Amino acid sequence: MSFGRYHTGIGYYNTAFHGGSWLQTTADRPLIMEFADDGGVLPTQVGLSFSGSIPSGRLDLNYIAEYGSSDTIRPEFTNHALEDENNGNHFNVGLFARPESIPSLRIGGSLYHDRISDFTRGPNVRLGQTIVNGHLVYIRYGIEFLNEGFLIRHTYEQNANVYNMAAFYSQISKTFRRIRPFVRYQYINANQGSLLGDVAFRQGPSFSARYDFNDVIAFKSQLDHTLRKGLPDRTSMACTCSWHSRFESDFMQTRLIVVCAAIWIATLVSSSYAVAQTGLWRSWLTRKTPTIM
């Protein structure tokens, strides 16, 4: 049992990686699993969380049950305006199996429900929010295979408006000594007129690799290509370093500064040499050729 502020145990990613970027393979979290502070659509709550195992023999069933309340405030993706969901009390229940017949396989799902506000339609407009998750995960022999699907359902209490919004991500990676290349595909389709209209439709691949310098420092690079409804496609590159402690952080920052300084000096020297050579070449070309009488 735990009590306090926690990442709601919806699905696998939140319970496996929490807030530590070191633990995850990629440079960022899947879009559907982003923190609310970064525009993510899943709530962050305060309350009680219970987890444990269920006697089930070789099926190895486990459960999670949560109850609490929060006031999720997320910046919109389009204009970064703060959106206050004014969450009411919530509950979340999850069940997953780790069958002994297939070691390292995990199959499960969860159900979350609370009530939130849509202040864009009025000060008293409330709606029920239900989030259903299903996941399949396999991690063994250096292989990481993560798959999660979501259905977010918003039901307005004052009218018959109902929005069903689907999302998923699939990620696979494989370790080769210190390098772990990965590929991820993510998808989210939020209704334009819903509370998540700023997210709208987004999908696309991410790929690159993670390099572990040692057991405590890792470098990650990642290329993303995102298709967006009503907006131009977006291609971005991200590079991050992750570490376990402040010492590793300072050490890595010092190393990066030294590397960047070395690259800058090498570029400056090579540029100066190239300019000098170009000047000599031009002076040779413009040199007058002696006339033979």
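The values are calculated or read from the model by the stated rules, or taken from the named source; none is laboratory data. Just so it is clear, the structure is predicted and the values come from calculations on it, not from any experiment. Quick reminder, even Gly has a Cβ in these numbers, built from the backbone with ideal geometry, and neighbours come from all protein chains shown.
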Cβ-Cβ under 7 Å, sequence separation 6+ or interchain: first residue in segment 135-158 and over 15 Å from S194 (Cβ atoms), partner basic (K, R). Which pairs?
V137/R106; G142/K174; I143/K174
Within segment 141-179, count every residue that is at pLDDT 95 or above and of a type in the set (D, E, K, R).
4
Residue satisfying all of: in segment 198-236; among the hydrophobic types (A, V, I, L, M, F, W, C) and part of a loop (DSSP other than H, G, I, E, B); surrounded by the fewest Cβ atoms within 10 Å (Cβ to Cβ) among these:
L231
(1) assigned to a strand (DSSP E or B); (2) over 21 Å from N189 (Cα atoms); (3) of a type in the set (D, E, K, R): which one isn't true of D71, the others all being true?
(1)
Residue pairs, Cβ under 9 Å, 6 or more apart or interchain, first in segment 212-230 and at positive phi and touching a residue at least 60 places away in the same chain (Cβ under 8 Å), second in a loop (DSSP other than H, G, I, E, B) and acidic (D, E). List them.
none
Counting residues that are farther than 19 Å from H135 by Cβ and among the basic types (K, R), which strands (runs of 3 or more DSSP E) fully inside segment 74-121 reach at least 1?
105-117
Of all residues in segment 173-182 being without any contact (Cβ under 8 Å) to a residue 40 or more places away in the chain and touching a Lys or Arg at 6+ places or on another chain (Cβ under 8 Å), the one that is surrounded by the fewest Cβ atoms within 10 Å (Cβ to Cβ)
I179
From the list R74, R58, R106, R29, which one is surrounded by 16 or more Cβ atoms within 10 Å (Cβ to Cβ) and out of contact with any strand residue (DSSP E or B) (no Cβ under 9 Å at 6 or more places or on another chain)?
R29
Counted residues, segment 40-55 - those being surrounded by fewer than 19 Cβ atoms within 10 Å (Cβ to Cβ) and assigned to a strand (DSSP E or B)
7
